[in-house]
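What follows draws every value from the coordinates through simple rules; no lab data is involved. For clarity, every value in this text was computed on a predicted model and none was experimentally measured. Backbone-built Cβ (ideal geometry, glycine too); neighbour counts: all protein chains shown.
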Amino acid sequence: MNKVYEVSSFTIQGQGGNLAGVKILKEEETPSDSFMQQLSQKLNYSETVFVKRLNQEVFQLRYFTPLAEVPLCGHATIAAFSLLKQLNQLEAGNYFIETKAGRLALQILDDATIYMEQSLPIFYSEQPDMRGIAESLGLESGDIVSGFPIEIVSTGLKDLIIPVKNTAILHNLVPDFDAISTISKKLAIIGYHVFAANEDWQQPIQCRNFAPFVGIDEEYATGTSNGALACYLFKKNQRKGNQKYNFLQGRQSKKQQGQILVELKAAENRIRHVYVGGKAVLKRTLSI
């Protein structure tokens, strides 16, 4: 029997968030790729993470959606380290994770908030088809903010950042998942990250995420996507110096919403570090 933990990450006062499967591997365990993929498919969380401790400070993490392995997953990382602390296997402090997106720093605060480093942002030059993207979300082209272009950004995973004019448009999207999958495959992205702009950029900023190409119709709290969104906003709003962002992701129901914190360390207008943070709660233990 395999013991797997169900953990909800990026919760708001212990509610909502995004479920992840967490499998803690023993030192001698070396599961095959096919085993990890099959277990992830059986669990059917948006991501399941397999975590192995390499030494006192370093952990190896691998992430699988029901359809494929991905190089990085923010909410599954938050889930794994929150769980390890709740199981008294870790104390507050600084650690490192080895992922297919590289070695990244991670910090556990005394209040159990987890902050994980992400890769520095990459802004891609592709010019996506605005009309096709709008149609795949049930939108008119005029629903998308002019002056803030649709852009592919990555802090570990490539997401298409899409600004819409207000929260009413955001919450009334009608996504065509087949069309989104087709466009995602063509652009070689994980999915869409749609956010609602407002005139004075008050926080929290609301957003939704769709990644049917990797088996996730809608993701309710994503670390990598919001890391990318924070970098997008930093660039487009011409910010300078360190910045903090607070994102609410999902629909209006508290059961389908997560809170993601992002901190950017910057020297003038250049981003030096990206950190994504949040809290998580253990929901249940499964024997598969």
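Here are the numbers for this structure:
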item	result
Cα shape, region 140-288, gyration tensor, a/c 1.5 rule	rounded
Rounded, prolate or oblate (a/c below 1.5 giving rounded, otherwise prolate when a/b exceeds b/c) for region 28-96 by Cα gyration tensor	prolate
Considering only region 122-273, percent of DSSP beta bridges that pair antiparallel, nearest 5	75
For ILE161, distant residues with modelled amide H under 5 Å away	GLU151, ILE152, VAL153, HIS193
Nearest-0.05 FRET efficiency for HIS171 and GLN15, computed from C-beta distance (R0 22 Å)	0.75
Fewest-first ranking of LEU160, LEU87, using other Cβ atoms within 10 Å as the exposure measure	LEU87, LEU160
HN-Hα J in Hz across region 90-96 - Karplus 6.51, -1.76, 1.60, θ = phi - 60°, x for Gly and Pro	9, 10, 4, x, 10, 9, 10
Inter-centroid distance (Cα atoms) of region 73-102 relative to region 11-39, Å	11
Residue order, fewest to most beta carbons within 10 Å, for ARG62, ARG272	ARG272, ARG62
Amide H partners (placed H, <5 Å) of ILE12, local residues excluded	GLY17, GLN259
Global form of region 113-218, assessed from the alpha-carbon gyration tensor, a/c cut-off 1.5	rounded
Net charge dipole size for the chain [Lys, Arg +1 and Asp, Glu -1 on Cβ; Debye, nearest 20]	400
³J(HN,Hα) computed for each position of region 175-182 - Karplus, 6.51 cos²θ - 1.76 cosθ + 1.60, integer Hz, glycine/proline x	x, 9, 5, 5, 5, 5, 4, 4
Leading residue at positive end of dipole, the chain (Cβ point charges), from PRO31, PHE195, ILE144	PRO31
Residue-wise HN-Hα coupling along region 39-48, computed from phi with Karplus coefficients 6.51, -1.76, 1.60 (Hz; x: Gly, Pro)	5, 5, 5, 5, 5, 6, 7, 4, 9, 10
